[in-house]
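The values are calculated or read from the model by the stated rules, or taken from the named source; none is laboratory data. Quick caveat, the model's predicted, so the values are computed rather than measured. Note: ideal-geometry Cβ built from the backbone for every residue, glycine included; neighbour counts use all protein chains shown. Side chains included, ligands, DNA and RNA excluded: accessible areas come from the protein's heavy atoms. Shrake-Rupley method; radii C 1.70, N 1.55, O 1.52, S 1.80 Å.
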Amino acid sequence: MTKKIDNTTRYERARERYMNGDLDRRSFLGLIGAAGLAYGVSTPFAKYAHAATTDQVRFDGWGGVVSEAFRKHAFDPYTGKTGIKVVDGTFGGGDEYLSRVKASQPGEYNIAHLSGVFDYARYHALGLSSELNEANIPNLEYVIPKLVDVFRGVSGGKLSCVPYDYGTTGLAYNRKYISDDEMKEKGAKILIDEAHKGKIAGWSDWRTRMWYAALQTGQNPNEISDEDAAWDAVRTHRDLSLKYWGSGAELMSLLAEEEIYATEAWSGRIYALQEQGHDIGYMDPPNGFGWQECLFVMKGSPMEACEELLNFMLAPETSIAVAEGQNYPTALDPTKVDLGDKIPTLPAFDPTGTLSGLTFADPDFWNGHEAAWSKTFGRVQKGY
């Protein structure tokens, strides 16, 4: 029996036990993560670099509840089974992670959970992309077509990734201090409202700052023409803010402890706060920041093993379980797949599968401004 068949059998047996009720979801996700590690492939449950012979592997993620879930349900079970320690860290944005990848050795990273088509375009432009054999990923047929097509447009019709989930960076607010009516009236301008000085925050990410500055100045985020007005809005927000947050964990803490009343926020993190009982509202303003995440296969990775894992991850049973754990809608098309009870209640979920209500970043526009705008924002952060 070949390794490929052994690997498939491992996945299918775990899934069969899960579907029959013999294995709970947490243990199921842990087994998948362990299986991926055993074959030297980084899974969505373990973003790390795996060496052939080592006593530890590394995971870098977004922190907070996500990292806690990985530690409890994937890393600890894996360490208990193999004796290999998983060292996990956090990062606050895609720029930081890309820097790590560029400094790594070929093959050190296999599958990256990238955020946004502009990230995909950056990796492709840097020569880090691979070419998937889609015949080995039949479950790709269940994915929302719009999510697939945008990646094909970047890489000449070929794919180096599969879409996996999506969400929004919308507006979060504490209903104890800011009403739904006030949010509807002010929208993105709530973040530059003098009335809430010192109780406002925002992510320390130049794209997000400029995206919301565009909304605050009445511009299309993908066609910002009045840069001076946008940067004025960024500075106004800075001066009114308590601080910039750098991770999902910090975002949730600031809102939960009522240190801030309003900020832009990641939809899944706000759902997690709501599940914990916090009265935090969430809204996506017109032209709010929509994004999708993908599982990107790095150049130099073991392609058949990666393709097999991607196909398994896109299987409805697996993808739904992951989505329920992460609080972000799966990339699977709800018109083709029954997504269960929880996913349709998640922020940003589109029951039509068209995603027509979301605005995604134009990769050419945003990557074209990265060098200048990231440098300018660095100066703004320092008070200039």
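Brief remarks follow.
- If you take all other residues with their beta carbon under 14 Å from the beta carbon of ASP338, and give Lys and Arg +1 and Asp and Glu -1, the sum is -2.
- Amide H partners (placed H, <5 Å) of GLY170, local residues excluded: ALA265, SER267
- Taking amide H as placed 1.01 Å from N in the peptide plane, the amide H of TYR164 sits under 5 Å from that of GLU293, CYS294, LEU295, each at least 5 places away or on another chain.
- Environment charge at SER129 (Cβ cut-off 9 Å; Lys +1, Arg +1, Asp -1, Glu -1): +1
- Solvent exposure ordering (accessible area, 1.4 Å, most first) of LYS189, LYS199, LYS382: LYS382, LYS189, LYS199
- Of the cross-linked pairs LYS199/LYS243; LYS176/LYS197; LYS197/LYS243; LYS146/LYS299, those separated by over 18 Å at the C-alpha level are LYS146/LYS299.
- In terms of accessible area, using a 1.4 Å probe and ignoring ligands and nucleic acids, LEU126, LEU355 rank largest first as LEU126, LEU355.
- Packing-based ranking of 324-334, 344-354 yields 324-334, 344-354, ordered from highest to lowest mean Cβ neighbour count within 10 Å.
- If you look at the Cα atoms of the stretch 240-305, you get an Rg and a Dmax of 16.4, 51 Å.
- Accessible area (Å², per residue) of the stretch 155-302, counting only protein heavy atoms and a probe of 1.4 Å: 35
- The stretch 106-149 and the stretch 215-266: distance between their alpha carbon centers, rounded to Å: 29
- Rounded to the nearest Hz, the phi-derived 3J(HN,Hα) couplings of the stretch 98-113 under the Karplus curve 6.51 cos²θ - 1.76 cosθ + 1.60 (θ = phi - 60°) are 4, 4, 5, 4, 5, 8, 8, 8, x, x, 5, 10, 10, 10, 10, 8, where x marks glycine and proline.
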